[in-house]
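Everything on this sheet refers to the single structure shown next.
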Amino acid sequence: MILALEPTVQVAAITAGGTVAVALVGVVVELLRRQSKAISTVAEHAAEARDQVANTHSTNLRDDLDAVAYRIDRVLELQERHSEDIAALRQDITHERRERLAVAERLDDHMAANAA
């Protein structure tokens, strides 16, 4: 038993099916366009990131950083030595000042004793 539809029903069904198919194709095309745009944006960002981190010089970045860290350690070591030297100079100056004040006080006492 075959279902036979009237010609007007067949035309209406084909027209409705065609309209739905065209609408689905339009939706798929719009989704693909949006996805393509998103992929293009991601590709641009990836290219920009690659440009920022690309190694364009002849030495390895890690080796360069290790060398900088070593130099900073040397500077800090020298700074510590300078700090120790400055502390020693301060002690010497304090000692010299005490001796100078003691000599000045003895001289003042001697002069006061001789003036009387």
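The values are calculated or read from the model by the stated rules, or taken from the named source; none is laboratory data. These numbers were taken from a predicted model, which means no experiment stands behind them. Cβ sites come from the backbone with ideal geometry, for glycine too, and all protein chains shown count toward neighbours. The accessibility values were calculated without ligands, DNA or RNA, using every heavy atom of the protein model including side chains. Shrake-Rupley method; radii C 1.70, N 1.55, O 1.52, S 1.80 Å.
Roll a 1.4 angstrom probe over the protein heavy atoms and tell me the percent of accessible area of the chain that is carbon or sulfur.
That share works out to 62 percent.
If you take Rg and Dmax of the Cα atoms in Å from the coordinates, which of (i) 14.3, 45; (ii) 46.1, 152; (iii) 27.2, 93 do you get?
(ii)
Tell me the accessible surface of residue 72 in square angstrom (1.4 angstrom probe, heavy atoms of protein chains only), to the nearest ten.
About 90 Å², ignoring ligands and nucleic acids.
Between region 1-41 and region 52-99, what is the separation of their alpha carbon centroids in Å?
Taking the Cα centre of each part, region 1-41 and region 52-99 sit 74 Å apart.
What's the extension gain from residue 84 to residue 14 if we count 0.36 nm per residue and subtract their Cα-Cα distance? Working shown, then result.
On the way: separation 70, 0.36 × 70 = 25.20 nm, distance 9.66 nm.
Taking residue 84 through residue 14 to full extension adds about 15.5 nm, to one decimal.
Can you work out the accessible area per residue across the chain, with the rest of the protein chains kept in place, probe 1.4 Å, in square angstrom?
It amounts to 95 Å² per residue over the chain.
Would you mind getting me the FRET efficiency between residue 30 and residue 51? Use the beta-carbon distance for r and R0 = 30 Å, nearest 0.05.
Calculated transfer efficiency: 0.40.
Calculate for the chain the 222 nm mean residue ellipticity that helices alone would give, adding -39,500 (n - 2.57) per DSSP H run of length 4 or more and normalising by residue count, nearest 500 deg cm²/dmol. List each step's numbers first, then the result.
Details: 2 runs with 102 residues, N = 116.
Rounded to the nearest 500, the figure is -33000 deg cm²/dmol.
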